[in-house]
Amino acid sequence: MTTRREFLKWTAAGGAGLAVGRGLLAGQAQAATVAPTAPAASVAAALTPYLDPMPILVDNAVDATGGGTVSFTTSLISRKVHSQLPATTLFGYLRSGGPGAGDTAASYLGPAIVAKSGTSVKVNYSNGLAPNDFLKVFTNGGASYLQFPPFKEVRILTHLHGGFVAGVDDGNPFAQPDAFPSGTTQSVTYPNEQPATLSWYHDHYLGDTRMNVVAGLAGGYLIRDSFDTGSNPLLPGPIGVFELPMVVQDRMFNADGSLLYPVAPASTNGPWIGEYFGDAMLVNGKVWPALTVSRRCTGSGC
């Protein structure tokens, strides 16, 4: 049972609140069994903001506007998310085959796919992660990989967030509850039957979606159409110059650069935690980056 001292300590540290439970419904207020958030080991306060340039997500974009097949392999990667931190071990999507393939060419986040409305694309996601690779990313014992999923290992199940796709291609754990273990491949078809949009693909593994995504399994997916062509003068462009997709994420880090993902005690259903609020903000995979933009002026006063 959570003591008053524990409750006050956790809410002071993480800004947590109260939850509605059976005690409250019965007319008796009850404190939520919330988990601790940012531990003292987090090094965010020691990092200098705006020190590193913001990565441009399209640097490793895959042009799939003509259709065809794109193949990625999930793998352990090592990336510096801030120049004042040692490299961080993460999960990543590496492009398989073709120019720019492999770990040295891949960035964090995963490669951005550029597709075209009305032109389908087939994507292969191969699981190159070893079953226990989560222990190399989450150094506090692997967080909750061993708690909920029935397989007790890293598996993948990739979902196109915002895509209009068939159920079998959706990365739906109800359709594919076993997901895809190490050494197997998930093959999906994205028909792209929708207007231009910026969406993203990410892991959807039942029971550990949050862990796989925090570890790095996410990437951009950009659909063009007859109006938003990438070169329409009515829209900001070109991409990578004035059209700049930005992905904002919150994370925590240890002094050795590793991800810090809090865990709760077993008495409060740990190591699982109910909420996660990072204290270091990443934009396109860098902590508090800087972006230098060109000055522009429009109108009669220019």
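The values are calculated or read from the model by the stated rules, or taken from the named source; none is laboratory data. Keep in mind the model is a prediction, meaning the values are calculated, not measured. Cβ coordinates were reconstructed from backbone atoms using ideal geometry, including for glycine residues, and neighbour counts include every protein chain displayed. Each accessible area value is taken on the protein alone, full model and side chains, heavy atoms only, with ligands, DNA and RNA left out. Shrake-Rupley method; radii C 1.70, N 1.55, O 1.52, S 1.80 Å.
Tabulated data for the structure shown
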quantity: Filter result (part of a strand (DSSP E or B) and either within 17 Å of the chain's Cα centre (by Cα) or aliphatic (A, V, I, L, M) (or both)) within the range 45-75; calculated: 62, 70, 72, 73, 74, 75
quantity: Candidates 207, 220, 216 - the one that is under 30 Å from residue 257 (Cβ atoms) and out of contact with any helix residue (DSSP H, G or I) (no Cβ under 9 Å at 6 or more places or on another chain); calculated: 207
quantity: Residue check for residue 236: in contact with a strand residue (DSSP E or B) (Cβ under 8 Å, 6 or more places away or on another chain) and not in a strand (DSSP E or B); calculated: yes
quantity: Single residue of the range 38-64 satisfying the filter (of a type in the set (Val, Ile, Thr) and modelled with pLDDT of 95 or more) that is least open to solvent (accessible area, probe 1.4 Å); calculated: 43
quantity: Selection status of residue 287, of a type in the set (A, V, I, L, M, F, W, C), farther than 30 Å from residue 51 by Cβ and open to solvent by less than 10 Å² (accessible area, probe 1.4 Å); calculated: no
quantity: Selection from the range 167-200 of residues that are surrounded by 14 or more Cβ atoms within 10 Å (Cβ to Cβ) and more than 17 Å from residue 72 (Cα to Cα); calculated: 172, 173, 176, 191, 192, 194, 196, 197, 198, 199
quantity: Residue check for residue 99: at pLDDT 95 or above, assigned to a loop (DSSP other than H, G, I, E, B) and open to solvent by 40 Å² or more (accessible area, probe 1.4 Å); calculated: no
quantity: Selection within the range 250-279 - over 17 Å from residue 137 (Cα atoms) and open to solvent by less than 20 Å² (accessible area, probe 1.4 Å); calculated: 264, 268, 270, 273
quantity: Any hit, the range 198-205, residues being more than 20 Å from the chain's Cα centre (by Cα) and part of a loop (DSSP other than H, G, I, E, B); calculated: no
quantity: Count - residues of the range 76-96 that are at pLDDT 90 or above, among the hydroxyl-bearing types (Ser, Thr, Tyr) and part of a loop (DSSP other than H, G, I, E, B); calculated: 1
quantity: Qualifying residues in the range 209-226 (those that are assigned to a helix (DSSP H, G or I) and in contact (Cβ under 8 Å) with a residue 24 or more places away in the chain) - the one surrounded by the most Cβ atoms within 10 Å (Cβ to Cβ); calculated: 215
